[in-house]
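**Q** Sharing a structure here in structure tokens format.
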Amino acid sequence: MKSLKGWVFFFAMSLSMGVHAQFWGSSEPQKVDTIETSDYRRMDPVLISASMDEERKKEYQLLKRRVIKTMPYAKMAAMKMRAMEDKLNTIENRRERKKYIKQCEASIKQMYMEQLKNMTIGEGQVLMKLLHRETGKTSWEIMKNYRGTTEALFWQAFGSFYGHNLKQEYDPVLDYQIDHIIKQERLE
């Protein structure tokens, strides 16, 4: 009697799991819907947005606005830096290199300073992460390479007063939401 109960249990379980289709030779695929997760904070918030609380939704929407606003500046900076590096590689004279860097800085300030002044602290932090993502260099390294260590230290101290860190890096694991927003909005 025990073995009969075991077979009945096995048969009932196989029916509920769709195994009977393979066992009896049916060619119809059985659909099984399973979601396995251990930490909802690590999951993409867009995929589980129905289960997100209002605070997390607001944070995600704020991050999305910041990324959309700052990504064009990060792209432009990366493009200008590549062009500047190419030109600097052709200039051998140290004085000419400094002169060229000053000219580039002046043209960038003239074109973008008003828009960059109006950015919030949070937008600035996202911009620094995106700069690292696009160029492979932190804002600290960029500042140090083009303006010198002393000026980089000054701006690091000044920025820390307002909550910025020029050494802030983009981490694809921790900043997965930024990556998702960039792909979703086709900003690449």
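**Q** Quick one: would you say Gln103 is surrounded by 16 or more Cβ atoms within 10 Å (Cβ to Cβ), more than 20 Å from Ile181 (Cβ to Cβ) and of a type outside the set (Phe, Trp, Tyr)?
**A** Taking the combined requirement at face value, the residue does not satisfy it.
**Q** Looking at the structure I just gave you, is Met119 surrounded by fewer than 19 Cβ atoms within 10 Å (Cβ to Cβ) and among the aliphatic types (A, V, I, L, M)?
**A** Numbers: surrounded by fewer than 19 Cβ atoms within 10 Å (Cβ to Cβ): yes; among the aliphatic types (A, V, I, L, M): yes.
So Met119 fits the description; yes.
**Q** Out of Ile101, Ile91, Ile48, report the one residue that is modelled with pLDDT under 90 and out of contact with any Pro (no Cβ under 7 Å at 6 or more places or on another chain). Can you show your working first?
**A** On the way: Ile101 fails: modelled with pLDDT under 90; Ile91 fails: modelled with pLDDT under 90.
Step by step, each of Ile101, Ile91, Ile48 is checked, and only Ile48 is modelled with pLDDT under 90 and out of contact with any Pro (no Cβ under 7 Å at 6 or more places or on another chain).
**Q** Does Met81 satisfy the condition of being within 13 Å of Tyr146 (Cβ to Cβ) and not in a loop (DSSP other than H, G, I, E, B)?
**A** yes
The rows are residues; the columns are (1) of a type outside the set (Asp, Glu); (2) surrounded by fewer than 19 Cβ atoms within 10 Å (Cβ to Cβ); (3) within 30 Å of Lys57 (Cβ to Cβ).
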{"site": "Leu127", "(1), (2), (3)": "yes, no, yes"}
{"site": "Ala152", "(1), (2), (3)": "yes, no, no"}
{"site": "Gly159", "(1), (2), (3)": "yes, no, yes"}
{"site": "Gly163", "(1), (2), (3)": "yes, yes, yes"}
{"site": "Tyr170", "(1), (2), (3)": "yes, no, yes"}
{"site": "Tyr176", "(1), (2), (3)": "yes, yes, yes"}
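**Q** Within the stretch 124-133, is even one residue in the same structural domain as Tyr162 (by TED's automatic domain parsing), basic (Lys, Arg) and over 27 Å from Lys183 (Cα atoms)?
**A** Scanning the stretch 124-133 turns up no residue that is in the same structural domain as Tyr162 (by TED's automatic domain parsing), basic (Lys, Arg) and over 27 Å from Lys183 (Cα atoms).
**Q** Take the conditions touching an Asp or Glu at 6+ places or on another chain (Cβ under 9 Å), aromatic (Phe, Trp, Tyr) and in the same structural domain as Ala74 (by TED's automatic domain parsing) and apply them to Tyr162. Does it pass?
**A** no
**Q** Restricting to the stretch 106-138, give me the number of residues that are of a type in the set (Gly, Ala, Ser) and either more than 12 Å from Thr70 (Cβ to Cβ) or not in a helix (DSSP H, G or I) (or both).
**A** 3
The values are calculated or read from the model by the stated rules, or taken from the named source; none is laboratory data. None of the values given here were measured: they were computed from a predicted structure. Counting neighbours? That spans all protein chains shown, and the Cβs are built from the backbone with ideal geometry, glycine included.
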